[in-house]
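Asker: I'd like to ask you about the structure that follows.
Computed from the coordinates by the stated procedures, all read-outs in this text should not be read as laboratory data. The structure displayed is predicted, hence computed values, not measured ones.
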C-alpha cells in the first residue's frame with residue numbers, strides 16, 4: 001500500500017527581528033466574495049470585515065519583508081501580528097451592494113440581515129471590541145458595482161469613503177487544480193494564469209508556516225511567474241493544511257479618516273490547499 005510522501009522535518013521555528021514600528025493608525029474594510037460552479041449550481045459566499053487599529057511608537061514588528069521585482073517575501077515569527085489597540089469606527093453602512101436575502105443572514109453577525117430593498121444600505125455594527133464582521137451565503141456584488149461606505153463615527157471620526165468599483169470574479173486557468181493541485185517544487189518557477197477579469201490587480205500568494213511569497217500584476221497581464229528563487233524560501237509541507245495558494249482580483253480605494261489611513265477593498269479570491277515539496 002502506498003503510504004504517500006514521508007513527513008518532512010521542518011526544523012526549528014524561524015525567529016526574525018522586524019525592528020520597531022509606529023506610531024500609526026490604520027483602517028481596513030474588506031468585501032470578499034467567492035463564487036464557484038458546482039455542476040449545475042452556482043455557490044456563492046461573501047464576507048465583510050472592518051478593523052481599525054492604533055499602533056504606538058516603538059512597537060516591535062514580528063515580521064521582515066523584502067521586495068523582489070513584482071513580488072514580496074514576508075517572514076514572520078509564529079505570532080505574526082503587530083500589537084495595537086482596536087478602535088471602533090461606529091456603525092458602518094455599505095451602499096451599492098445587492099440585498100441580503102431573508103434567509104441569507106443567519107450567520108450575519110452584526111448585519112441588518114432582513115429583506116432589503118434594492119439599493120438600500122447594508123449595516124455593519126461593530127462588536128464590543130470594535131471589530132465589524134459579517135458572512136452571508138450569497139453573492140453581494142457583480143463586477144462593476146459602485147460601493148460606498150459611510151461611518152457614523154466613534155473612536156474613528158465619521159467618514160464617507162470614495163466610490164469603490166468592484167472586480168469581476170476571477171477564473172483561474174493555470175495551475176489546473178481539479179480535483180487537487182499538483183505539488184509545487186521549490187526549484188522551478190510557478191506559472192499562474194487567469195481570465196475573465198480586467199481593471200483590477202491580481203495577487204498570487206503562496207503561504208507556508210511563517211513564510212509567504214506574494215506577487216502582483218495587472219489583471220490584463222493574464223499570467224505571471226513566481227520565481228524559483230523565491231519559492232525556495234517557502235517552508236516545505238509537513239502535514240495537510242499548512243500551505244495554500246491564493247489568487248485574487250482586487251480593487252481598492254484609499255482615504256483618510258482623521259488620523260486613520262483607511263483602505264476599502266473588494267476582492268474575488270480563489271484559495272486552494274497545496275503541497276510544497278522539499
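Asker: Using alpha carbon centroids, what distance separates region 38-58 and region 231-278, in Å?
Answerer: Going from one Cα centre to the other spans 11 Å.
Asker: In addition: Enumerate the whole-percent occupancy of each 10 Å bin, from 0 to the last occupied one, for all C-alpha pair distances of region 20-273.
Answerer: Going out from 0 Å in 10 Å bins, region 20-273 shows 7, 27, 33, 26, 7, 0 percent.
Asker: Looking at region 20-273, send over the antiparallel percent of its DSSP beta bridges, to the nearest 5. Intermediate results must be reported in sequence, preceding the final value.
Answerer: Working: 83 of 90 bridges.
Among the beta bridges of region 20-273, antiparallel pairing accounts for roughly 90 percent.
Asker: Just from its helices, what would the mean residue ellipticity at 222 nm be for the chain, if runs of 4 or more DSSP H residues each count -39500 (n - 2.57) and the sum is divided by every residue, rounded to the nearest 500 deg cm²/dmol? Each step should come with its number before you reach the end.
Answerer: Working: 1 runs with 4 residues, N = 278.
Per the formula, 0 deg cm²/dmol.
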